[in-house]
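One structure is given below, encoded as structure tokens.
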Amino acid sequence: MDLSRRDFIKTAAAAAALAAAAGGKFAETAEAAPDTSGLKWGKAPCRFCGTGCGVLVGVKDGKIVATKGDPKAPVNKGLNCIKGYFLSKVLNGKDRLTKPLIRKGGKMIEASWDEALDLIAAKFRESIDRNGPDSVAIYGSGQWTVFEGYAAAKLFKGGIGTNNIEPNARLCMASAVTGFMTTFASDEPMGCYDDLDVGDTYFLWGANMAECHPVLFSRLIENRLKNPEVKIIDFGTRHTRTSQMADQYIKFTPQTDLALLNGIAHIIVRDKLYDENFINQHAVFKKGKTNIGYGLEDKFKFADDPKPITFDEYKEFLKTYTPEYVSGLSGVPVRTIEEVARLYADKERKVNSLWTMGFNQHVRGTWANNLVYNIHLLTGKICKPGENPMSLTGQPSACGTTREVGTFTHRLPADMVVTNPEHREKAAKIWGIDPKKIPDKPTYSATEMFRALDRGDIKVVWVQVTNPFQSLPNLSRYRKGARKGDGRFVIVSDIYPTRSTELADVILPSASWVEKEGVFGNAERRTQQWFKMVDPPGEARNDLWQTIELAKRLGYGSLFPYKYVEKEMWEEYRLFNAGQGKDLAPYEAYTKARGLRWPVVNGKETLYRYAEGHDPYVKPGEGIKFYKNKKDDGKAVIWARPYEPAAEAPDRQYPFWLCTGRVLEHWHTGTMTGRVPELKRAYGAAVCEIHPEDAKKLGVKQGEKVKVSSRRGSIVLTADLRGRGKAEKGNVFVAFFDENKLINELCIDAYCPISGEPDFKKCAVKLEKA
Amino acid sequence: MQRYLLPLAAVALSVLMLSTALAYADDDEDFETDAAYAEGNPPMVPHRMEPGATGDACLVCHLEGKNGAPLSPHAVRLDCVQCHAQGEIKEKKRAAAKKKKKQKEAE
């Protein structure tokens, strides 16, 4: 049935009015609604994605009985997605870890906390004494609270004296970070979610927002419902629910996003559609190295060599990217490329670009981020309400914890780096330690860290709040590496048994979400706090407590002299950000507000960074100033970054592209959502999306088994020819949430040399009927 | 003159603290009332959903209540499936209940 949008809006309005007036027949609930009387309610951000929806949590008799979308939360205004609506069930799985477990003779035996922590401390001490501080490591998470991340960073960098701290955010947002740092000299977006309500043109690049940021996608749809001139254009390598609801779906060959972005810039320059004034006032041009490699060799090292170029030199660089050349590479028709460029440059349109893993999990992820910023800088569509490039974040606190606190090998809080002696000096002062304690050289990115464990250069690794032995690329190598013995010791803190706890020497039962006090920071710089509302089950304890207990046993207890740990730690952490354009408010402010977007100065949050009248750091008369980029006088950088091929493209032997990702109902490795019966029923197992014509050639029908193999591993999956996601010819897609289908064994551990982020979206596979 | 400085400073400090607190205060917290205003949780879909279905497909019936389809108690939204996911299918449920009843009668 073809319902025209105009008819739809008319009838929608009528129906809404009718329903409201007549109180129509309400939907039957599958089960009786829970008794919500006598509940104590509190606020918290959702446990899942980087959107950071506000949730109200109802507690009765010490248990979470209900959750609701928080109608007062500006992010979601009362709406959640299906995962959020099941938050009350996520922590109540039958197999919650409740006691520390120690591996003895191949079995996991229950132990006391003291026994477990004493053992862990002994292993740390032994390894540090024998092999040095760089033989121990901690692998944390974008699901760490700010406190957990801060404690880990302080202990490892300021106590033990190693830069061996990495988060799983290296696998999701690292390219976004290096994109921000190289273009603006400061991490995190200049815009905010308000842009979703007031813009009129939205380019989605390799981002299945309908499934992965559903509440934000709803804001876009809501905007379009009210304003029919709004256009949503979906650039994708497969047809998804997002593509279905967009105004236009543009399919492109994997990796060629780099060419398309340059192609759009080419047309903008060719037809002089750029904002010359803006460019003169706010941008400089640079180029870096090319042929920069793929990080496939152990201990791969890369250092870029930025060189300033002129606008004319940049125009010369763009000459290659004619619409015909780009069309040939990408499969996008010339006419479409021209239309898209004109749309981007249209002076009457408020244009936004949105992206997540398509650009970030990419062997040229940093470049992809640079290139999308280029378009916004060329047209001057940036730092204005409704006109911004918005990097969407995957995890609930990849921003708030890993990026802002800086739980990476090379980082310190507030965008600072270990390689800068002034930064080390400042951190040491706040931490009350000798600056010489903080090592001045980064060690390993996440992938390299697990390579080091495999080789034995790292012996002891503590994994908190994440599941690397399901989520790393080229997974088999790292799973084997963890169990090689010879002094290796793996500790995993989690709430459920996972594919990582099964490889651990010690498992520590942990508290999750509202079982502890915490702070998360979402994709729009909104820092959100919550209080502990229920006790964790059994003997499970907060990861923050666990880290401090290790610190005490290693003799670094003095780093954590706090009484009210969370609040005092917050006030200490704030000192890093104060006056840096990343200011955070005092702790009480967050206990009251539904989050605040930093920089928060004099109680006022900032919606638009770098913009006069919004950002308190921009002086009157400056208009727009990228003040963090002091090196280039407060200007942003337009980078000449070329198209370079993927690490492993399809060939005769392995003729298909494999892409991996998520589905709506499950989050990441499905350890939480997989334990909610309704979510499991809604989407049970990972399947292999194949194009019907490709399936026909293989002799595979809908629902039959297909064997997918790469050079690294093999897996048998059910073929899905007509699911919610429809693969393009020559491409297959598999979600990575299924603990019984470790698709990451097939993925290649090639990474962006600048960001260290692996490419989970592109490798070569072959298919056979199974 | 000096006698007044201390109480003056105290007053100034109190005013500053009060205004700071007021700047952050988000009304008096009443999460119970907020929860009462919140929407109920979305029911799962008891019939088979076409895999590619999005709002346009759902609203064919649910916009005006065709074929006995329930009307939504909330204003029309287009991305139905982000909240209303596939639930247990009614026909399967009925068949399973029937089978169970037959087994019990046979005992």
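The values are calculated or read from the model by the stated rules, or taken from the named source; none is laboratory data. Since the model is a prediction, treat every value here as computed from it, not as a measurement. For neighbour counting, all protein chains shown are included, and Cβ atoms are generated from backbone atoms with ideal geometry for every residue, glycine included.
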I need a count of the residues in region A:73-89 that are at the interface with chain B (Cβ under 10 Å from one of its Cβ atoms), buried (at least 22 other Cβ atoms within 10 Å of the Cβ) and farther than 22 Å from A:Ala682 by Cα. 1
Can you pull out the residues in region A:56-91 that are without any contact (Cβ under 8 Å) to a residue 60 or more places away in the chain and basic (Lys, Arg)? A:Lys60, A:Lys68, A:Lys77
Being out of contact with any Asp or Glu (no Cβ under 6 Å at 6 or more places or on another chain) and touching a residue at least 40 places away in the same chain (Cβ under 8 Å) is the filter; apply it to region A:586-596 and report the residue that is nearest to A:Ala414 (Cα to Cα). A:Tyr587
So, of the residues in region A:302-313 that are within 31 Å of the chain's Cα centre (by Cα) and within 22 Å of A:Pro389 (Cβ to Cβ), which turns out to be surrounded by the most Cβ atoms within 10 Å (Cβ to Cβ)? A:Asp304
Restricted to region A:592-613, and to residues that are assigned to a loop (DSSP other than H, G, I, E, B) and small (Gly, Ala, Ser), which residue is nearest to A:Thr183 (Cα to Cα)? A:Gly613
Residue ranges of helices (runs of 4 or more DSSP H) in region A:422-501 with at least 3 members of a type in the set (A, V, I, L, M) and assigned by TED's automatic domain parsing to the domain that holds A:Pro561: A:446-455
A:Ile138, sole failed condition from (1) assigned to a helix (DSSP H, G or I); (2) buried (at least 24 other Cβ atoms within 10 Å of the Cβ); (3) of a type in the set (A, V, I, L, M, F, W, C): (1)
Kindly establish whether A:Gly756 is touching a residue at least 40 places away in the same chain (Cβ under 8 Å) and within 21 Å of the chain's Cα centre (by Cα). yes
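Quick grid of which residues meet (1) free of Cβ contacts under 8 Å to residues at least 60 places away in the same chain; (2) aliphatic (A, V, I, L, M):
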residue	(1), (2)
A:Leu216	no, yes
A:Leu220	yes, yes
A:Asn227	yes, no
A:Ile232	yes, yes
A:Thr240	no, no
A:Phe252	no, no
A:Leu261	no, yes
Quick check on region A:182-193. Is at least one of its residues in contact (Cβ under 8 Å) with a residue 24 or more places away in the chain, within 19 Å of A:Pro396 (Cα to Cα) and assigned to a helix (DSSP H, G or I)? no
Listed residues A:Trp657, A:Trp639; which is more than 14 Å from chain B (Cβ to nearest Cβ), under 30 Å from A:Gly191 (Cβ atoms) and hydrophobic (A, V, I, L, M, F, W, C)? A:Trp639
For region B:44-52, does any single residue satisfy the condition of being within 22 Å of A:Tyr85 (Cα to Cα), touching a residue at least 40 places away in the same chain (Cβ under 8 Å), in a loop (DSSP other than H, G, I, E, B) and in contact with a Pro (Cβ under 9 Å, 6 or more places away or on another chain)? no
Can you work out which of the residues in region B:53-78 that are more than 10 Å from chain A (Cβ to nearest Cβ) and in contact with a Cys (Cβ under 9 Å, 6 or more places away or on another chain) is surrounded by the most Cβ atoms within 10 Å (Cβ to Cβ)? B:Cys58
Hey, among the residues in region B:79-107 that are among the acidic types (Asp, Glu) and either at the interface with another protein chain (Cβ under 8 Å from one of its Cβ atoms) or in a helix (DSSP H, G or I) (or both), which one's farthest from the chain's Cα centre (by Cα)? B:Glu105
Every residue from region B:79-103 that is free of Cβ contacts under 8 Å to residues at least 40 places away in the same chain, buried (at least 21 other Cβ atoms within 10 Å of the Cβ) and hydrophobic (A, V, I, L, M, F, W, C): B:Cys80, B:Val81
Can you tell me which of (1) closer than 19 Å to A:Ser186 by Cα; (2) over 22 Å from the mean Cα position of the chain (by Cα); (3) charged (D, E, K, R) is the one A:Asp434 doesn't meet? (1)
Report yes if A:Glu422 is surrounded by fewer than 22 Cβ atoms within 10 Å (Cβ to Cβ), acidic (Asp, Glu) and either within 30 Å of A:Tyr202 (Cβ to Cβ) or out of contact with any strand residue (DSSP E or B) (no Cβ under 8 Å at 6 or more places or on another chain) (or both), otherwise no. yes
Which one of the conditions (1) assigned to a strand (DSSP E or B); (2) touching a residue at least 40 places away in the same chain (Cβ under 8 Å); (3) under 28 Å from B:Ala57 (Cβ atoms) does A:Leu717 fail to meet, given that it meets all the rest? (2)
How many residues does region A:681-697 hold that are within 11 Å of chain B (Cβ to nearest Cβ), of a type in the set (D, E, K, R) and without any contact (Cβ under 8 Å) to a residue 12 or more places away in the chain? 1
Residue ID - farthest from A:Cys192 (Cα to Cα), chosen from residues in region A:597-629 that are among the small types (Gly, Ala, Ser) and in contact (Cβ under 8 Å) with a residue 60 or more places away in the chain: A:Gly623
May I ask you to verify whether B:Glu29 is closer than 30 Å to A:Lys226 by Cα and either within 9 Å of chain A (Cβ to nearest Cβ) or modelled with pLDDT under 90 (or both)? no
